[in-house]
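Reading through the structure tokens given below for one structure.
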């Protein structure tokens, strides 16, 4: 007579334990970040290399082409212009690390083990999201420091800096949820490392490196209406005082939309795989 293996135990912990379980998962992810710093270093190194390349090599020419800029001060003007786009590339880069770590947990069976334990299911993903958001904020601060070292001079006051911190946190939180979804959707770690490249390219296809009105008509339309352009313009306005217009509001709306999409996508995959388990 054959016997059927019992399915993994379901979590029976009430919702009130979500915070405690999320803190436990967060601690695990922060320890993982400390013990395996390779992804964190790459997240910072990539944007720094791009920053140095565009400012020190191309900055004089590109900066001189910006509206109302004295050609003699092109490099200084361009570092002020490009810095928000570099910060958004830094945030997008953390999505790659998120997708990789989530995919590793899925393929190595760690997530399946968590599903069999008496912990809140949402806390497993929340630990990833909060941990990577913290990592993203650290990376943004370090990249911003490199920008200051090569001549970036923000004009933001205290309230502007608080608004920048809040907006960067919200953007990082939203993008990280998309990274979680990509990691859970991917069948291999290699696929998970490649999918987030789409997010990394969006600052290039927005107003991160050149004004959108310098682009061909079709590309200009995409650049103006994709989410990273309001992110970039809102941060640029807060950092160096360019007109804000409706960009902060659009940035917040896009953050809400992206967070909802990422959360629903991630939890749907997680629940589906839990049922299959």
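Counted by neighbouring Cβ atoms within 10 Å, the residues 213, 105 run from fewest to most as 213, 105. Stretching the chain fully between residue 56 and residue 141 yields a gain of 28.6 nm (0.36 nm per residue, less the alpha carbon separation).
Computed over segment 132-195, the quotient of the alpha carbon radius of gyration and 2.2 N^0.38 Å is 1.44. So if I take the centroid of the Cα atoms in segment 152-207 and the same for segment 211-262, what is the distance between those two points in Å? Between the Cα centres of segment 152-207 and segment 211-262 lies a distance of 13 Å. Averaged over residues, the count of other Cβ atoms within 10 Å places the peptides 44-53, 242-251, 222-231 in the sequence 222-231, 44-53, 242-251, highest first. Note on 238, 162, 167: ascending count of other Cβ atoms within 10 Å places them as 162, 167, 238, the fewest first.
Exposure proxy ranking for 190, 233, based on other Cβ atoms within 10 angstrom of each Cβ and starting from the fewest, stands as 190, 233. Under the simplified labelling scheme, the residue 148-residue 27 pair shows an inter-label distance of 3.3 nm, with each label point 7 Å from Cα along Cα→Cβ.
Length, then width, then depth: along the principal axes, the Cα atoms of segment 158-268 run 44, 36, 19 Å.
Length gained on full extension, residue 221 to residue 158, computed as 0.36 nm times the residue gap minus the Cα-Cα distance: 19.3 nm.
All of the numbers you see were taken from the coordinates with simple rules; none came from a lab. None of the values given here were measured: they were computed from a predicted structure. Methodologically, a virtual Cβ is constructed for each residue, glycine included, from the backbone with ideal geometry; neighbour enumeration extends over all protein chains shown.
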